[in-house]
Amino acid sequence: MTENTQQRPTGAHGEPADLPTQYAPAEVEGKLYERWVERGYFEADAASEKPPFTVVIPPPNVTGSLHLGHAFEHTLIDALTRRKRMQGYETLWQPGMDHAGIATQNVVERELAKEGKSRHDLGREAFVERVWQWKAESGGQISGQMRRLGDGVAWSRERFTMDEGLSKAVQTIFKRLYDDGLIYRAERIINWCPRCLTAISDIEVEYADQDGELVSIRYGEGEDSLVVATTRAETMLGDTAVAVHPEDERYAHLVGRHIKLPLTDRSIPVVADEHVDPEFGTGAVKVTPAHDPNDFEIGRRHGLPSLTVMDDHAVITVPGPFQGQDRLEARSAIVGALRAEGRIVAEKRPYSHSVGHCSRCKTTIEPRLSLQWWVKTGPLAKAAGDAVRDGRVAIHPKEMESRYFAWVDNLHDWCISRQLWWGHRIPVWYGPGGEVVCVGPDEEPPSGEGWHQDTDVLDTWFSSGLWPFSTLGWPEKTESLEKFYPNSVLVTGYDILFFWVARMMMFGLYAMDGTPPFHTIALHGMVRDQFGKKMSKSFGNAVNPLDWMDRYGSDALRFTLARGANPGVDVPIGEDWVQASRNFANKVWNATRFALMNGATVEGPLPDAAEMSAADRWILSRLNTVVAETDAYYDDYQFAKLAEGLYHFAWDEVFDWYVELSKTTFFAGGRAAEVSGRVLGEVLDVLLRLLHPIVPFVTETLWTTLTGGESLVIADWPKDSGFRDAAAEAELAAVQQAVTEVRRFRADQGLQPGQRVPARLTLDGTQLVAHEVAMRSLLRLQPAGEGFSATASLPVAGAVVELDLSGAIDFEAERKRLNKDLAAAEKELKQTTAKLGNEGFLAKAPDHVVEKIRERQGAAEADISRIRQQLERLPQG
RNA sequence: GGGCGCAUAGCUCAGCGGUAGAGCGCUUCCCUUACAAGGAAGAUGUCACAGGUUCGAUCCCUGUUGCGCCCACCA
């Protein structure tokens, strides 16, 4: 706030303006948001007659606070729903949060560790209680941030994935899948995190190239020996075979025989298996069925036993010298022992290979045989793929479809059980006699001696996969479910296409009898810093959206994010850009302020076009074009383009040209001022509506002041009235060109912008004829009085502007400028002439292109003769 | 190893067959009574490289180079 704020400017009508000279977001945002919520604007009525529009929030993890990426996503969703609400839809933006099993458990465990405790010190029940406490705190933080952002969500419908209703949904679908044979329990190789002490699914493993060492080890003795290579030497303790290719002659004599496994007293068979690539390494592979997925398969094909050699913490359990050693420790100890026996045949060599890490804690994954629960994905994934293939669900941008297909078409079964405490407990009970009972939501679990529930919980994505309908009350047949399913669109980041989107597709289609959970998937990119680098806390470039909202306002942040939102493309964002958006908000503010002080109004019908000035008709014509363009961009999720389009229309056309051109009209008063006042009121009214979904706060403040309306949130979305005026658009283009040319000339002459110069304008018969007053005002041209002597003559748009620059003119600068213009015009003439002389061009180019080139040629010729004349007239020296 | 994408002004990115655009930054002038968070004027690009198609290519095709991302049970 500057001191200007106190100085209330006085309007043309002598009334004080109600608005300060600068927009102060902090003073309006909070109040407006609370008002919107109190009035229930964001609530969704399932009984409404209006057509529904539904979007769910991608539920943020309760683990913390929202980052810039959330702010980005929320801006897009909020803009979509606000527009639909204005269009007359019954809109539901469903809020809520995800319990985020493993992530949240890890966070709370870290908190406990600060107190020197582990979850085991508390016990399961107390620990879970502790997590609920944590959820209460950070959940509040998240909804606070959403309010600051202006998210128009239906707060009364807020859901949490561990709510009673959602838990019921989880049990219901588990039971159905189980009964349909799509959930089963099996012992397989899983990804084990020795730090989190749980199994995780395939997509929760992040692979990174890592330098390891490939060691070559001789198995067996003398003639009955061969060499295998490995990067995980410790697993040899669990080897139960060596495999070679069936047609590999080098090893044909060994197949079916047993060879001695070093460091043990075991002998293992040599088996022939197609999986082995004879070209790779020695063509012989050690087989550890309990610790490698390939080996597990080989083992199954050949009936080999599986020997688990490590415990949950990846510590060796095999009795002997290595027992109790960690896997890495054991690795080097075993290599050492083998070397001592002379079994390392080639020196170990550096080897770069891909190693899996836990996506939550980055610990190296240990593949391991384990009894877990699985979803049989085959039929579910097929349905999920087909829904996109046959067009029932569209993915934006379309390029992302190939990723989606690649995933759903090659999906392995999904390991859903987690050895955690925080999450949905698996609804399966085991009896004393080995009975297994899956318990539905309304069923009593079996009781009695020896019965116990499975101790594992479900993968967190199991419950988020139900989000589009569990939040609406499913499995109950609620009014809301009827009204708001399927969702209209899903807006989320391409990074969770597999984790979340594909799972919602599978579950939605399954649970809702083949109705996909949404019609459209709009994928956005990731927010990056101003140099395009990934934002991360550890790198120090992460931004708390609250900081920028505090400094520049929520609208500025939202506008910046929307403006960067090209579909599926990452969004770099820097503080400079937020400043630019803040400046834009302020510009809109001040333009509206000016309009209010000069009689802009929305009262009464629009005047007849016959009464309007060319400028009035021009800006209304453009306004309607912009309405149509904005709609098209919205429908195509082109946020960047619509924000950019509105920015330039507002600033360049309305503020810099229309308002400036109309100032003389406004200041002169009379009927013309009334007409333009009504037109300006109309333009701002529509512009503010168009901008509102992206920048709700500043537009609400200005619009209610301008129109006296209740709220933009529930106002009508503008429609293209169909009004177009090509003649007025052409006329105003000529005016703009003329003004710019004269200004450039003045600047070239070194005249100060404010310096008044006598001038004679000869505009008769040109498009400029009606604009003399405005041109004189914009160009600071005085009337040609006594003793006027034209020292410069500028032909523009068929008219002539003569200036008396006696005393001010710089002839050298003028000569230089003219020569430059001449060169440019000559080049243009040469180019266009060459083009028009090209027969191929004339034959094949479309008419409008040829016409355009002709025009350019004509203009160039005219320019050249004009400039030559002017150069001749210039006094020498 | 597969697949996708990107290379355009100092930076971050739009454009995608017909004389190169935006924001920020930069230069000059201006506190012109809506706005200095502003106004006016301006400079800046072998549109990665090499071929090809075309009357015409930043835009289409092929290849090269350099990046980025996703997928993959490469011992």
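Just a few scattered comments:
- Backbone amide hydrogens, once placed in the peptide plane, bring A:V527 within less than 5 Å of A:V571, excluding anything fewer than 5 places away on its chain.
- Gyration tensor (alpha-carbon) shape descriptor, region A:573-641, a/c threshold 1.5: oblate
- A simple spin-label model places the labels of A:K376 and A:S721 6.5 nm from each other, with each point 7 Å out along Cα-to-Cβ.
- Shape index of chain A: Rg/Rh, with Rg the Cα radius of gyration and Rh the Kirkwood radius from the inverse mean 1/r over Cα pairs, equals 1.11.
- Rounded to whole numbers, the Karplus 3J(HN,Hα) couplings from phi for region A:601-618 are 8, 10, 6, x, x, 5, x, 5, 4, 5, 7, 7, 6, 4, 5, 4, 5, 4 Hz, using 6.51 cos²θ - 1.76 cosθ + 1.60 with θ = phi - 60°, and x at Gly and Pro.
- Taking only Cα atoms of region A:47-166, radius of gyration then Dmax in Å: 17.2, 58
- Couplings 3J(HN,Hα) of region A:101-114, computed from phi: x, 5, 5, 5, 4, 4, 4, 5, 5, 5, 4, 4, 4, 4 Hz, in residue order, whole Hz [Karplus 6.51 cos²θ - 1.76 cosθ + 1.60, θ = phi - 60°; x for Gly and Pro].
- Counting only alpha carbon atoms, the long axis of helix A:327-340 and the longest principal axis of chain A meet at about 50°.
- Heavy-atom accessible surface of region A:229-388: percent carbon and sulfur, 1.4 Å: 53
- Average accessible surface for chain A: 44 Å² per residue, computed with a 1.4 Å probe over protein heavy atoms with every protein chain in place.
- Secondary-structure-derived ellipticity at 222 nm for chain A, considering helices only, amounts to -13500 deg cm²/dmol, per-run term -39500 (n - 2.57) for DSSP H runs with n ≥ 4.
- Rounded to whole numbers, the Karplus 3J(HN,Hα) couplings from phi for region A:367-379 are x, 7, 6, 7, 8, 9, 8, 9, 9, 7, 8, x, x Hz, using 6.51 cos²θ - 1.76 cosθ + 1.60 with θ = phi - 60°, and x at Gly and Pro.
- The packing ranking of peptides A:795-805, A:537-547, highest mean first, is A:795-805, A:537-547, where packing means the average number of other beta carbon atoms within 10 angstrom of each residue.
- Dividing the Cα radius of gyration of region A:215-264 by its Kirkwood radius returns 0.94 for Rg/Rh.
- Rounded to 10°, Cα long-axis angle of helix A:25-38 versus longest principal axis of chain A: 70
- For region A:758-813, the Cβ-based charge dipole about the Cα centre amounts to some 180 debye (Lys, Arg positive; Asp, Glu negative; other atoms uncharged).
- Dividing the C-alpha radius of gyration of region A:740-838 by 2.2 N^0.38 Å, with N its residue count, gives 1.24.
- Cα-based helix-to-principal-axis angle, A:68-86 vs chain A, degrees rounded to 10: 60
- Rolling a 1.4 angstrom probe over region A:682-825 with all protein chains present gives an accessible area of which 49% lies on carbon and sulfur atoms.
- Remark: the Cα gyration tensor places region A:281-428 in the prolate category, a/c being 1.5 or greater and a/b exceeding b/c.
- Once the Cα-Cα distance is subtracted from the 0.36 nm per residue extended length, the A:V345 to A:Q530 segment shows a gain of 61.3 nm.
- Relative contact order, whole percent, for chain A stands at 13, derived from Cα pairs under 8 Å and 6 or more residues apart.
- Residues whose placed amide H lies under 5 Å from that of A:F160, excluding near-sequence neighbours: A:M97
- Two-site FRET efficiency, A:A813 against A:D847, from Cβ-Cβ distance with R₀ of 45 Å, rounded to 0.05: 0.60
- For region A:797-877, alpha-carbon Rg and Dmax in angstrom: 16.6, 54
- Approximating the spin labels as points 7 Å out from Cα along Cα→Cβ, the A:A610-to-A:T705 distance works out to 3.7 nm.
- Each of the peptides A:67-73, A:401-407 was scored by the mean count of other Cβ atoms within 10 Å over its residues; in descending order, highest first, they stand as A:67-73, A:401-407.
- The accessible surface of region A:490-551, taken with every protein chain in place and a 1.4 Å probe, is 53 percent carbon and sulfur.
- Fraction of the pair-distance distribution of region A:313-368 above 12 Å, Cα-Cα pairs, percent: 74
- Distant-in-sequence amide contacts of A:L369, defined by a placed amide H-H separation under 5 Å and a gap of 5 or more residues or a different chain, comprise A:I190.
- Prolate/oblate/rounded call for region A:434-477, Cα gyration tensor, a/c under 1.5 rounded: oblate
- Pairwise alpha-carbon distances in region A:190-328 exceed 22 Å for 40% of all pairs.
- Inter-centroid distance (Cα atoms) of region A:384-433 relative to region A:228-266, Å: 37
The values are calculated or read from the model by the stated rules, or taken from the named source; none is laboratory data. As the structure is a prediction and not an experimental result, all values here were calculated from the model. A quick note on method: Cβ atoms are made from the backbone with ideal geometry, for glycine too, and the neighbour counts reach across all protein chains shown. Side chains included, ligands, DNA and RNA excluded: accessible areas come from the protein's heavy atoms. Shrake-Rupley method; radii C 1.70, N 1.55, O 1.52, S 1.80 Å.
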